[in-house]
Amino acid sequence: MIRLYSPARTEKVIRGMDGMIARVSSDYGVPAAAIRAVLYREIKEIDLMDLAADAAVRIGVFGRRDSSTGYMQIFGRVAVRAMQFAEARGIETPAGLGMPEGMDPASDADVRRMWLRLNRDREFNLRMGTLNLLAAADEAARQTDFSRLSEDGMKRTFSRYNANTTSVTRYGEEVFGYFLKYGGICLEGDKDEL
């Protein structure tokens, strides 16, 4: 596996996105530290296979219709679901994101449209990844107010961002460490109420 970003280069990319991160954090109420933590984990792991997967989706070879893409490494289908979640909760509208109403994660055409935008538009990718963090918090910790999440709730949220689980995974533990590194804080206590 040949990684494309060293830790130092990853930090430089994230610093270059500070303004964008601040806007998205403010718009959606997700701590900048949580966004930076996911960015750090995802960017530093981007490798040549990710580029190959993106190319396969872009030109439609090997039956690839979706892959994780962009700095937040989010799938088109996942982003469509995150957009639906945000619309249902009154957080964001498809029109506000420059996307059509009624997109369906089961529609290959809708997933492709979403994937192309995620792949080409850095701020859109950041927004959709952040909306996916909100959806993950809702599902894994039953809470979208990050200021009310305990350590366990944060770890489960990060775990859910990456996998179809509400349990804490190694990924969730790792990203929680980055969250603390970037200045994140959470409630004390063992468990969030489910």
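The values are calculated or read from the model by the stated rules, or taken from the named source; none is laboratory data. All values derive from a computational prediction rather than experimental measurement. Virtual Cβ from ideal backbone geometry, glycine too; neighbours counted across all protein chains shown. Heads up: the accessible areas ignore ligands, DNA and RNA and are worked out on the full protein's heavy atoms, side chains in. Shrake-Rupley method; radii C 1.70, N 1.55, O 1.52, S 1.80 Å.
So the values come out like this:
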quantity	calculated
Average Cα contact separation per residue, the chain, under 8 Å, 6 or more apart, as relative contact order %	21
The stretch 109-141 residues near the modelled residue 93 label - backbone nitrogen below 19 Å, point 7 Å along Cα→Cβ	128, 131
Net charge, residue 4 excluded, C-beta distance under 14 Å - Lys, Arg +1, Asp, Glu -1	-1
Structure-based [θ]222 nm, the chain - -39500 (n - 2.57) summed over DSSP H runs of at least 4, per residue, nearest 500	-19000 deg cm²/dmol
Separation of alpha-carbon centers, the stretch 74-95 and the stretch 120-144, rounded to whole Å	8
Portion, in percent, of the accessible area of the chain that falls on carbon or sulfur, probe 1.4 Å	49
Whole-number accessible area per residue in Å² for the stretch 82-194, which is evaluated in the context of all protein chains at 1.4 Å	49
